[in-house]
1. If you roll a 1.4 Å probe over the heavy atoms of the protein chains, what accessible area per residue do you get for the stretch 592-694, in Å²?
2. May I ask you to give the average projected area over all directions of the convex hull of the Cα atoms of the stretch 471-630, in nm² rounded to one decimal?
3. To the nearest 0.05, how large is the calculated FRET efficiency for residue 99 and residue 506 if R₀ is 60 Å and r is the Cβ-Cβ distance?
4. Taking 7 Å along the Cα-to-C-beta vector as the label spot, tell me the residue 645-residue 679 distance in nanometres, rounded to one decimal.
5. Using packing as a proxy for protection, rank 549-556, 44-51 so that the peptide with the highest average count of other Cβ atoms within 10 Å comes first.
6. Using a 1.4 Å probe on the protein heavy atoms, what percent of the accessible area of the stretch 574-694 belongs to carbon and sulfur?
7. Rank these residues by their accessible area, most exposed first, probe 1.4 Å: 467, 481.
8. Order 78, 129, most accessible first, counting only protein heavy atoms with a 1.4 angstrom probe.
Amino acid sequence: MRSYFVLLVLFLLSVVGNAQIQNPTTWNFSTKNIGPGETELVITATIDQGWHLYSQFIEEGGPVPTSFTFVPSADYTMVGKVEERSKVIKAFEKVFDMNIAYFTTKAVFVQKIKLSKASIVVKGTVTFMLCNDTQCLPPEDKEFSIDVKNELAADVSTKPATTEKAIVSEVQAKEKETVAAPETKIATETEVQFEKSTTPEVKPAEPLAPVKKSSRSLWTIFIAGILGGFAAFFMPCIFPMLPLTVSYFTKSKSKGNAFIQALLYGLFIVVIYVALGLLITIIFGADALNSLATNGIFNLAFFLLLVVFAISFFGAFELVLPSSWVNKADAKSDKGGLLGLFFMAATLSIVSFSCTGPIIGTLLVEAATMGHLMGPAVGMLGFALALALPFTLFSMFPSWLKSMPKSGGWLNSVKVVLGFLELALSLKFLSNVDLAYHWNWFDREVYLVLWIAIFGLMALYLLGKLRLPNDSETKHISPFRLMLSIITIAFTMYMVPGLWGAPLKAVAAFLPPQQSQDFDLYTPTLGGNTSLKAETTTKKYGDIFHAPYGLNAYFDYEEGLAQAKKENKPVMIDFTGHACVNCRKMEADVWANKSVLNLLQNQYVLIQLYVDDKTELPEEEQTVSAFSGKKIKTIGNKWSDYQASKFNSNSQPFYVLLDGDGNLLVQPKGADYTVENFVAFLNQGLKAFQEKKN
């Protein structure tokens with residue numbers, strides 16, 4: 001039972017972690033004639049690095065084993081069972097608490113059959129499951145159809161009088177022909193088609209295996225939820241409720257009963273907040289959540305919402321739910337039993353909304369704009385766990401209350417500091433709108449000036465030099481508050497050089513792109529032996545897009561490809577976005593490296609395609625997507641649809657290396673913040689390009 005529970009958890013994590021399709025294995029079906037009327041069906045699974053495909057022979061309670069089901073037919077009979085002809089790894093896995101047999105990299109399965117005629121079709125289904133160190137994909141059923149041809153089978157069926165000796169002679173003759181022509185390979189049409197689809201030398205028009213996307217952002221949502229939950233616990237409308245809650249459980253007649261009640265109370269807090277996250281997902285849906293990150297109206301609304309939250313934390317007003325909700329929940333909490341505990345948790349959630357509302361709202365906004373289907377639910381899970389944990393632990397061990405600080409003015413200080421952070425975070429959403437619609441009001445300097453002002457005022461507040469409505473008089477500051485003010489002042493000073501173009505790599509992902517800087521002393525220092533001067537000739541969309549670090553980029557696929565063919569250079573397509581945090585981080589941490597800049601400027605033709613740009617296409621270029629059926633109205637629509645339809649990916653950044661004819665050179669790559677890995681990726685593309693030329 002424990003193994004099934006663990007398997008369920010891994011499966012749920014895999015479901016919520018997939019903003020794009022994951023397909024870590026490729027199946028290949030071929031045949032091998034081994035004698036008169038006998039053929040082997042060879043089923044090969046090519047497995048991506050880090051993933052496991054499980055053996056057919058797994059004990060009950062473990063992962064789903066690989067299995068094969070063949071459609072019965074009078075045209076053939078099965079000989080024995082499916083054999084495994086690849087190296088099997090057997091290891092003890094803590095997750096399942098048992099020894100597990102699995103394959104990595106490659107798995108070959110063989111089924112022998114006897115044919116009743118020369119040409120038949122074998123149909124069936126392979127059921128399999130894939131896991132890596134952090135997640136399991138749901139079990140999948142893949143149907144297959146294999147064309148089998150065996151001329152010896154025809155000979156057997158049409159020449160019944162032929163002796164065994166004659167048949168053997170014919171087999172030997174066939175073998176001699178094979179030896180005489182070692183390049184010849186007996187293969188089915190199915191196998192040939194598979195080989196064509198998996199070779200890297202394909203045009204972007206052909207679907208590619210999706211690049212695996214890291215689940216890092218989902219973990220980021222979860223960790224942000226945990227931090228938000230702990231911050232909420234120290235809010236002035238939650239922290240004072242701790243002694244009251246603990247006293248309720250200490251009235252229980254037995255310690256065991258109090259322990260169970262406290263555990264259930266914490267569980268109900270988690271259930272309530274996770275249900276809220278699921279409700280957000282159901283209301284908006286997966287597609288809507290994925291589009292929020294680039295939608296101008298939503299980003300502007302989020303900016304205004306976070307500003308309202310910040311003003312609330314500063315003490316201008318309180319966000320409260322209707323008092324009737326509180327009264328009803330509180331009345332039902334007196335009933336006792338499970339229902340009473342549930343409504344007791346609900347009362348906490350409602351009463352504390354004035355403090356938790358802005359934190360929850362910010363968390364849900366961040367989770368929604370990351371595009372994960374279950375992002376809001378995962379964020380609320382982290383928030384609820386962090387909020388429920390102190391109440392549960394202190395209810396189980398009430399003596400710990402003696403070590404907790406008393407309520408006081410410091411609680412409001414926590415609230416105000418969070419208000420400053422809310423205000424700083426809100427500017428990111430305003431920047432997204434400004435970039436997507438090319439307003440050019442909110443460039444990098446303006447953003448930095450506002451951040452410097454916000455964090456500078458926050459430092460003054462921490463030092464007691466600034467007081468807000470609900471603050472008590474500060475006669476002295478604690479050592480912790482002093483240390484926090486020092487960190488805030490240091491961070492504020494760190495941002496000042498950014499006004500003159502300093503890269504500020506620690507926060508570059510949250511800032512407008514470097515090319516929006518009006519006064520930039522940094523970019524000219526990066527050139528070295530490379531010529532980092534953008535070409536002055538007019539390019540399509542060149543008036544609204546600008547590549548980072550003065551790189552000579554194109555912003556239209558066809559135009560860039562034509563230039564690459566003219567210069568006899570390979571192409572790097574950078575699928576990027578104005579609101580793409582990881583894109584800015586890649587540009588700041590990786591592209592700024594001189595080795596990468598040299599390759600991009602001198603060895604490649606760079607094409608940057610913005611998938612979230614809101615500039616409308618000319619009327620004659622607006623179409624309906626054959627891939628999604630949606631109207632292609634903007635530049636962002638065009639390139640987003642192109643990426644999804646041609647490369648089976650919708651995540652950014654996404655880097656594709658092509659030759660001048662649009663043929664893929666190597667497997668595309670997503671964000672990778674290791675410079676050496678990105679240089680190796682570019683060099684691999686150059687090598688493949690040179691091999692094609694030769």
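The values are calculated or read from the model by the stated rules, or taken from the named source; none is laboratory data. On a predicted model such as this, the values are computed, not experimentally measured, just so you know. Every residue, glycine among them, receives a Cβ derived from its backbone with ideal geometry; neighbour counts consider all protein chains shown. Heads up: the accessible areas ignore ligands, DNA and RNA and are worked out on the full protein's heavy atoms, side chains in. Shrake-Rupley method; radii C 1.70, N 1.55, O 1.52, S 1.80 Å.
1. Numbers: 4370 Å² over 103 residues.
Per residue, the stretch 592-694 has 42 Å² of solvent-accessible surface.
2. Details: hull surface 60.6 nm².
Spelled out: convex hull of the Cα atoms, projected over all directions, averaged, 15.1 nm².
3. Values: r = 46 Å, r/R0 = 0.76.
Here the calculated transfer efficiency is 0.85.
4. 3.9
5. Working: 549-556: 22.1, 44-51: 16.4.
Ranking, from highest mean packing down: 549-556, 44-51.
6. On the way: 2040 of 4680 Å².
For the stretch 574-694, the apolar C and S fraction of the accessible surface comes to 44 percent.
7. Details: 467 140, 481 40 Å².
Accessible-area ranking of 467, 481, largest first: 467, 481.
8. Numbers: 78 80, 129 5 Å².
Result of the area sort, largest leading: 78, 129.
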